[in-house]
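The structure appears below as structure tokens.
The values are calculated or read from the model by the stated rules, or taken from the named source; none is laboratory data. Quantities reported herein were computed from a predicted structural model and do not represent experimental measurements. When we count neighbours, we look across all protein chains shown, and the Cβ atoms used for this are built from the backbone with ideal geometry, even at glycine. Just so you know, the surface numbers come from the protein's heavy atoms only, side chains and all, with ligands and any DNA or RNA stripped out. Shrake-Rupley method; radii C 1.70, N 1.55, O 1.52, S 1.80 Å.
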Amino acid sequence: MMPIQKMYINGSWVEAKSQKTREIMNPFNQEVIVEASEGNEEDVQAAISAARKAFDQSEWKTTPANERGKLLYQIAALIERDQEELARLETLNTGKTLIESEADMVDIAEVFRYFAGLADKNGGEMIESPIPNSISKVVREPIGVTALILPWNYPLLQAAWKIAPALAAGNTIVIKPSELTPLTTVKVTELIEEAGLEKGVFNLVLGAGNIVGQVMADSPLVDFISFTGGIETGKNIMTSASGNLKKIALELGGKNPNIVFADSDLETALDQALNAVYFHAGQVCSAGARLLIEDGIHDWFVEQLVVRVKKIKLGDGFDEETESGPMISAEQRQKVERYVDIGKEEGAKLLVGGKRPEDPTLANGFFYLPTIFSDCTADMRIVQEEIFGPVLTIERFTSEKEVIALANDTNYGLAGAVWSTDIQKAERVANQLRMGTVWINDFHPYFAQAPWGGYKQSGIGRELGKTGLEEYTELKHVYQNTQPEPLNWFKS
Ligand code: NAD
């Protein structure tokens, strides 16, 4: 009998009320890893009620902030204790390389530590009141019940970005991982339980987005929803959240420009252009999927890139030789295949890839070859829409002004990069990019201390950094008259 992954509701591990389960698959070979309980409306309502009761009636929200911080330090320590197991589960469930999963676990412990340290530094401020004999202060309070909905590409990392600040600020939680990748979220729930969090504060529900996720977005008992995922789901959640005007934070997709000027350190820019887009088979919200190359070096750069791309080693994430694993699912690979067809129809030039690998050892996995389209123009769908796979589009530019316009010509605004040894020029360009993160002479770094999020349709709000904690708070102004006396406004 396959083990069944349970949900964690009001301090108990439970199966779905319907007894239904879903097979969780390894995308490298399509083998079933576990059966996960498949929650439905009844299960998620129970979780929301537990979180509501814990917020309204338990002592959690008034627990001193330094105590909440200590609990987060404890969770970080448990994650470090079990990091090898967590990394293996992440690779098993997502197909990403073990080395990447291991790096994720280090980052995840760091995120918990960062918010642990910030928990008791979230104090309010005194206001210089314009009214004599008064005291005016602004305090931050938890929002209440938070609903956290996760994507499949960085399952535990995305969970940590939400759980740590939500708990640091004193909220209660109902969390839902992607139905494709629940393994590490279930495991971390065990660690949170082991750390001794009181019952009802943290609740885990498993199941489909359009059922479990939809109830979370609709529920009048939820005060705040933090969602990471695709743009269409994000728009749907925003509409549902309007029912009780719950606060929302949306971390959505990207179509991120990677700008290479002719005066950049070309070897480094070339090497990192590969990493920018093909890391985790391109299934990264900040993937540098649009490469913009200055005219003078364009042809040389593209030629070199093709040589390197042909050598990328696809394989089992557990194999040390593997540089990139499979895609997450058959659907995700079909989406990539549709976009490759669209690219060809639009007249982009397919330079490499554009098909599944022929290697029979990869036949059972959802593999797709790293792909490059050159001669792309800004009006093409493959340049405008997020493909979320190993597909790079290349555009050519001749001036600083032109490349700024090209880079900004998108509905997205998550991240971008500028490569140049002329730092003043790089800064000038960076300042004009309408994106939540801009890297100069680098691609992909993010860390707990700096905010992460998107301009335009890449999202609403920010995770990480001080702002990442403030998102999980409400601001309250408390005014005190220190010498109250009658106003005598009404004479009678
Ligand atoms: P998705 O939108 O399909 O699903 C995300 C989550 O939403 C899943 O848990 C899913 O079950 C749930 N969901 C689906 N329908 C729902 C509904 N009607 N109501 C409530 N919840 C629902 O996204 P995905 O395919 O899992 O993830 C890929 C996307 O995530 C990409 O667009 C990527 O760019 C984005 N992403 C963004 C960031 C960021 O930081 N901005 C990080 C990672 C991923």
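For the range 180-191, give me the residue count where each residue is open to solvent by 50 Å² or more (accessible area, probe 1.4 Å) and within 16 Å of the ligand (Cβ to nearest atom).
Initial filter on the range 180-191 (open to solvent by 50 Å² or more (accessible area, probe 1.4 Å)): 180, 190.
Retained after the next criterion (residues that are within 16 Å of the ligand (Cβ to nearest atom)): 180.
Total meeting the criteria: 1.
Name, by its number, the condition in (1) in contact with a strand residue (DSSP E or B) (Cβ under 6 Å, 6 or more places away or on another chain); (2) within 15 Å of residue 287 (Cβ to Cβ); (3) of a type in the set (S, T, N, Q) that does not hold for residue 374.
Unmet condition: (2).
From 165, 155, 142, which residue is closer than 23 Å to residue 6 by Cβ and either in contact (Cβ under 8 Å) with a residue 24 or more places away in the chain or surrounded by fewer than 24 Cβ atoms within 10 Å (Cβ to Cβ) (or both)?
Just a single option satisfies the conditions, and that option is 155.
Being without any contact (Cβ under 8 Å) to a residue 12 or more places away in the chain, within 30 Å of the chain's Cα centre (by Cα) and within 16 Å of the ligand (Cβ to nearest atom) is the requirement here; does residue 338 meet it? Step through it out loud before you land on a result.
Working: without any contact (Cβ under 8 Å) to a residue 12 or more places away in the chain: yes; within 30 Å of the chain's Cα centre (by Cα): yes; within 16 Å of the ligand (Cβ to nearest atom): yes.
Spelling it out, residue 338 is indeed without any contact (Cβ under 8 Å) to a residue 12 or more places away in the chain, within 30 Å of the chain's Cα centre (by Cα) and within 16 Å of the ligand (Cβ to nearest atom).
What about residue 194, is it farther than 22 Å from residue 56 by Cβ and within 16 Å of the ligand (Cβ to nearest atom)?
No.
Would you check which residues across the range 119-156 are part of a loop (DSSP other than H, G, I, E, B), farther than 16 Å from residue 479 by Cα and not β-branched (Val, Ile, Thr) and list them?
122, 123, 144, 150, 151, 152, 153, 154
Tell me the residue from 421, 437, 482, 398 that is in contact with a helix residue (DSSP H, G or I) (Cβ under 6 Å, 6 or more places away or on another chain) and either more than 13 Å from the ligand (Cβ to nearest atom) or closer than 30 Å to residue 166 by Cβ (or both), please.
Values: 421 fails: in contact with a helix residue (DSSP H, G or I) (Cβ under 6 Å, 6 or more places away or on another chain); 437 fails: in contact with a helix residue (DSSP H, G or I) (Cβ under 6 Å, 6 or more places away or on another chain); 482 fails: in contact with a helix residue (DSSP H, G or I) (Cβ under 6 Å, 6 or more places away or on another chain).
398 is the lone residue from the list that is in contact with a helix residue (DSSP H, G or I) (Cβ under 6 Å, 6 or more places away or on another chain) and either more than 13 Å from the ligand (Cβ to nearest atom) or closer than 30 Å to residue 166 by Cβ (or both).
Answer yes or no: is there a residue in the range 370-389 that is away from the ligand (no atom under 16 Å from the Cβ), touching a His at 6+ places or on another chain (Cβ under 7 Å) and open to solvent by 10 Å² or more (accessible area, probe 1.4 Å).
Taking every residue of the range 370-389 in turn, none turns out to be away from the ligand (no atom under 16 Å from the Cβ), touching a His at 6+ places or on another chain (Cβ under 7 Å) and open to solvent by 10 Å² or more (accessible area, probe 1.4 Å).
Determine, yes or no, whether residue 409 is free of Cβ contacts under 8 Å to residues at least 24 places away in the same chain, more than 16 Å from the ligand (Cβ to nearest atom) and either assigned by TED's automatic domain parsing to the domain that holds residue 284 or open to solvent by 20 Å² or more (accessible area, probe 1.4 Å) (or both).
No; evaluated as a whole, the condition is false for this residue.
Taking only the range 273-301 into account, find how many residues are surrounded by 23 or more Cβ atoms within 10 Å (Cβ to Cβ), in a helix (DSSP H, G or I) and not hydroxyl-bearing (Ser, Thr, Tyr).
5
If you go through the range 160-177 one residue at a time, do you hit one that is near the ligand (Cβ under 8 Å from one of its atoms), modelled with pLDDT of 95 or more and more than 18 Å from the chain's Cα centre (by Cα)?
No, the range 160-177 contains no residue that is near the ligand (Cβ under 8 Å from one of its atoms), modelled with pLDDT of 95 or more and more than 18 Å from the chain's Cα centre (by Cα).
Out of the residues in the range 452-467 meeting the condition of being out of contact with any strand residue (DSSP E or B) (no Cβ under 7 Å at 6 or more places or on another chain) and not in a loop (DSSP other than H, G, I, E, B), tell me which one is farthest from the ligand (Cβ to nearest atom).
Once the filter is applied, the top-ranked residue is 466.
Give the range 244-262 a look and list any residue that's within 24 Å of residue 223 (Cα to Cα) and among the β-branched types (Val, Ile, Thr), or say none.
The answer is 248, and nothing else.
Can you name the residue in the range 207-238 that is more than 10 Å from the ligand (Cβ to nearest atom) and buried (at least 22 other Cβ atoms within 10 Å of the Cβ) and, of all such residues, is nearest to the chain's Cα centre (by Cα)?
Filtering the range 207-238 for residues that are more than 10 Å from the ligand (Cβ to nearest atom) and buried (at least 22 other Cβ atoms within 10 Å of the Cβ), the one nearest to the chain's Cα centre (by Cα) comes out as 226.
When you scan the range 429-448, do you find a residue that is at positive phi, among the polar types (S, T, N, Q) and surrounded by 14 or more Cβ atoms within 10 Å (Cβ to Cβ), even just one?
Scanning the range 429-448, I find at least one residue that is at positive phi, among the polar types (S, T, N, Q) and surrounded by 14 or more Cβ atoms within 10 Å (Cβ to Cβ), so the answer is yes.
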